[in-house]
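The values are calculated or read from the model by the stated rules, or taken from the named source; none is laboratory data. No experiment lies behind these values; they were computed from the predicted model shown. Ideal geometry is used to build each Cβ from the backbone, glycine not excepted, and the neighbour counts take in all protein chains shown.
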Amino acid sequence: MTETSEDWTNVGAVEITDELRAELPDPVAWRLLVMPQEPEKVTAGGIVLTTSHQDAQRYNTHVGLVLKKGPVVGQRDPINIAPFNVREGDWVVYGKYAGQRIEVRGVKLIFLNDEDILATTLAPRMLRPAV
């Protein structure tokens with residue numbers, strides 16, 4: 001885990017236990033397993049957001065936590081592009097239609113190719129979807 005990133009053992013309502021991590025599939029090659037950020041349920045001012053608003057936030061949010069990564073992430077392009085270093089525990093921004101969605105024990109996850117990663121961030125809650 002990156003020392004400067006936010007704590008990621010509890011992302012939204014999902015706690016990442018050792019038991020859950022053991023059940024997660026291992027990405028191959030240049031793929032990453034990412035858990036999308038959960039939407040806020042209550043605003044900073046105490047307003048409870050409706051389920052439809054949370055669903056819209058979930059649909060429009062493209063920030064997630066890297067849970068696992070394949071062995072050659074960031075190393076497959078041989079043409080003068082420096083490899084990037086995304087680590088487990090990093091928060092990443094990815095494209096809207098990127099990845100393959102799966103569910104493990106009720107936890108929604110996405111398999112992404114490394115080329116779908118647009119950026120990393122240390123403060124994922126500061127990023128809001130532009131609707």
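Data table
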| item | result |
| --- | --- |
| Yes/no for residue 100 being surrounded by fewer than 15 Cβ atoms within 10 Å (Cβ to Cβ), at pLDDT 80 or above and touching a strand residue (DSSP E or B) at 6+ places or on another chain (Cβ under 7 Å) | yes |
| Members of the stretch 88-97 found to be of a type in the set (Gly, Ala, Ser) and either exposed (fewer than 15 other Cβ atoms within 10 Å of the Cβ) or touching a helix residue (DSSP H, G or I) at 6+ places or on another chain (Cβ under 8 Å) (or both), listed by number | 95 |
| From the options 15, 6, residue that is under 18 Å from residue 127 (Cβ atoms), modelled with pLDDT under 85 and charged (D, E, K, R) | 6 |
| Selected residue (criterion: surrounded by the fewest Cβ atoms within 10 Å (Cβ to Cβ)) from residues of the stretch 103-131 that are over 14 Å from residue 36 (Cβ atoms) and modelled with pLDDT under 85 | 130 |
| Subset of the stretch 72-97 that is modelled with pLDDT of 90 or more and of a type in the set (A, V, I, L, M) - its residue that is nearest to residue 22 (Cα to Cα) | 92 |
